[in-house]
There are 2 protein chains.
Amino acid sequence: MFQALADPSRRIMVERLSRGPASVSELARPLTMSLPAVVQHLQVLEASGLVRSEKVGRVRTCHIDWAALKTAEDWMLERRKNWELRLDRLGDFLAEQEKG
Amino acid sequence: MFQALADPSRRIMVERLSRGPASVSELARPLTMSLPAVVQHLQVLEASGLVRSEKVGRVRTCHIDWAALKTAEDWMLERRKNWELRLDRLGDFLAEQEKG
DNA sequence: TGATTGGTTAAGCATATACTTAAGTATTGC
DNA sequence: GCAATACTTAAGTATATGCTTAACCAATCA
């Protein structure tokens, strides 16, 4: 997931998809690269679980899997919470010191 | 930043640092690779701004830059908010339809 | 039916990444 | 001072990544 978000082009694609579903060529429009390259990025995003797509007729429509995005967000939140807990315990300890 | 978090070894390092500062060899302990490899990962983390370190005597002490971690978290939150806003507008639209 | 649109497959290539080992350089403890 | 500790530097290598072009397939439309 972080791997998938590591590339700037892929982040542009995710950014676009965060505003709603889009076809492959719509995703390609703002990017200065060939269509196959865009499809390869799309494959990375799909493999990571961040994006899903269905093909209807000849157009493939892509959209974000919001639960997956939240997973990455939560990982970081978890680290931050860990830290805040630590600060709290330090605070308690210092308060104990004060009293004692 | 996402690039930095893309590697599992580096995430282990960040995980460790989220529990408090650590020296280079402490960071290396759980990892099955040479010390220079760990230092290279550390350089990536520092370059991304996620981690900082100071050397005192012969030991380098590393710690997370929490503001930087929050930046990545916020990027994802921003995408989610975008989406929720869209859902809200859709909701409003449907409510309008209902009324009209 | 034949051109166009939208996407896919395959092959190849240049650069980046994630390591390795070997050989340093400072501190610190005895 | 001498050894151990805690890195640091340098050089090399294998694999992964991010592209490219060329050729292909399948749905649409004039």
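The values are calculated or read from the model by the stated rules, or taken from the named source; none is laboratory data. If you're wondering where the values come from, they're calculated on a predicted model, not measured in any experiment. Cβ coordinates were reconstructed from backbone atoms using ideal geometry, including for glycine residues, and neighbour counts include every protein chain displayed. We work out accessible area using only protein heavy atoms, side chains counted, and drop any ligands, DNA or RNA first. Shrake-Rupley method; radii C 1.70, N 1.55, O 1.52, S 1.80 Å.
Helices (runs of 4 or more DSSP H) wholly in chain B with at least 1 residues that are within 12 Å of DNA strand C (Cβ to nearest atom) and open to solvent by less than 90 Å² (accessible area, probe 1.4 Å) - which ones? Give the derivation first.
Numbers: elements: B:2-5, B:8-17, B:24-28, B:35-48, B:66-99.
So the answer is B:2-5, B:8-17, B:24-28, B:35-48.
Against the list (1) away from chain A (no Cβ under 14 Å); (2) within 15 Å of DNA strand D (Cβ to nearest atom), the condition B:Thr32 fails is (2).
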